[in-house]
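The values are calculated or read from the model by the stated rules, or taken from the named source; none is laboratory data. Since the model is a prediction, treat every value here as computed from it, not as a measurement. Cβ atoms come from the backbone with ideal geometry, glycine included; neighbour counts cover every protein chain shown. Surface accessibility is based on the protein's heavy atoms, side chains included, excluding ligands, DNA and RNA. Shrake-Rupley method; radii C 1.70, N 1.55, O 1.52, S 1.80 Å.
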Amino acid sequence: MSKPYKLIGEDVYKNRTEKINSELFTLTYGSVVAQLCRDYNNDYKKVNEQLESMGYNIGIRLIEEFLAKTNFGRCINFKETAEIISKVGFKMFLNTTPTVDNFSADGKQFNLILEDNPLAEFVELPDDNKAVKELWYSNVLVGVLKGALQMVQLDVDVSFVKDILRGDPSTEIKLRLNKILKDEIPAGED
Amino acid sequence: MIYSFWIFDRHCNCIYNRDFAQHKPASKDTVNRNNDKDEAKLLFGAIFSMSRLSSKLSDGNVLQSFRTGKYKAHLKETATGLRFILISDSNVGDLSGLLNQLYSDLYLNTIVKNGLSPVDFKEGMVIKNMSFINGADELITQNGDFI
């Protein structure tokens, strides 16, 4: 089942998405993060939180665009979700396809390895010895994933585990499915 | 002929409703008139129960429409739990194209991409955005099945 998603992702990216200059995008995101660092006096934990919450608000809207353009319904299992996030979701919005790796035995956890992270191009973290330990520069992605998945009733813990900017060998996001939320039902039915 | 258009959100509330049957050329009097009426609750209940029934009959079996003696209800349900419903007379064919347009073009551009509009509606909130209302009227009234 992995092949069609790749094709769908490429098709949606090519024919159905508006594109903007990627350097402009990278620089805009960079100035947002830089501004947050100034606003919070380099308290990187707060910056991470703020980026995540911005991402969440993006995610709950982005999911509708994703569904409108792909016409997907709900996934059968979390493996399918992983494939779709990587091959269609990331492809469509960021033109990159992270690798799905380390699927846990219970099928509820996996890592996304971003070989190529458009947000982090040209970026160097501040050399205050704190940023490399505390700041997750691309933390907006964590919020986006969390928000988008929550709207399709998947309660997922998302967090960065590695980032090349911090000197790690790769950039990785961990996703763990907590539970599948129940659809709301009208009053008086069960 | 298309009689009315309804949107229910993930909290099962009617966030938009528009009646085309009584006023032509359509005046805006019938926008969001029946959101809390019994009719809305019954319609939602019927769609809800039939969707459940169809998915119980077979996995991935999605309810698209159902027909009674005089009416036909057309449904599009998104993975995020939005339900778009059109009520027409019983002879109208497939309206899934129109429902897709209402969601993919109109709802996306005037609600989702509109920073001033919520996407998670609180109880009692409805869509009042004129670009949405006018856009929906245009798409529906220009559809070949409208008259």
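Taking the conditions (1) in a helix (DSSP H, G or I); (2) over 20 Å from A:ALA34 (Cα atoms); (3) within 12 Å of chain B (Cβ to nearest Cβ); (4) open to solvent by 30 Å² or more (accessible area, probe 1.4 Å) in turn, A:LYS87 satisfies each one other than (3). All conditions but one from (1) in contact with a helix residue (DSSP H, G or I) (Cβ under 7 Å, 6 or more places away or on another chain); (2) at positive phi apply to A:GLN50; the one that does not is (2). For the range A:148-169, the criterion of being more than 14 Å from chain B (Cβ to nearest Cβ) and touching a Cys at 6+ places or on another chain (Cβ under 9 Å) is satisfied by no residue at all.
Of A:THR81, A:THR97, A:THR26, all but one fail to be modelled with pLDDT of 95 or more, in a helix (DSSP H, G or I) and either within 14 Å of another protein chain (Cβ to nearest Cβ) or open to solvent by 20 Å² or more (accessible area, probe 1.4 Å) (or both); the exception is A:THR81.
Taking the range B:68-84 as the range and being more than 14 Å from chain A (Cβ to nearest Cβ) and touching a strand residue (DSSP E or B) at 6+ places or on another chain (Cβ under 9 Å) as the test, the residues that pass are B:LYS70, B:TYR71, B:LYS72, B:ALA73, B:HIS74.
Scan B:ASN100, B:ASN91, B:ASN143 and give me the residue that is modelled with pLDDT under 95 and either among the hydrophobic types (A, V, I, L, M, F, W, C) or open to solvent by less than 70 Å² (accessible area, probe 1.4 Å) (or both). Spell out how you get there, then give the answer.
Working: B:ASN100 fails: modelled with pLDDT under 95; B:ASN91 fails: either among the hydrophobic types (A, V, I, L, M, F, W, C) or open to solvent by less than 70 Å² (accessible area, probe 1.4 Å) (or both).
Only one candidate passes the filter, namely B:ASN143.
Within the range A:1-44, the set of residues being closer than 16 Å to A:PHE122 by Cβ and among the charged types (D, E, K, R) comprises A:GLU23 only. In the range B:56-75, the condition of being open to solvent by 40 Å² or more (accessible area, probe 1.4 Å), of a type in the set (A, V, I, L, M, F, W, C), out of contact with any helix residue (DSSP H, G or I) (no Cβ under 6 Å at 6 or more places or on another chain) and in a helix (DSSP H, G or I) is met by at least one residue. Residues in the range B:79-87 include none that are open to solvent by 50 Å² or more (accessible area, probe 1.4 Å) and at pLDDT below 95. The condition (being over 13 Å from the mean Cα position of the chain (by Cα), acidic (Asp, Glu) and either in a helix (DSSP H, G or I) or modelled with pLDDT of 95 or more (or both)) is satisfied by just one residue among A:ASP128, A:ASP190, A:ASP183, A:ASP155: A:ASP155.
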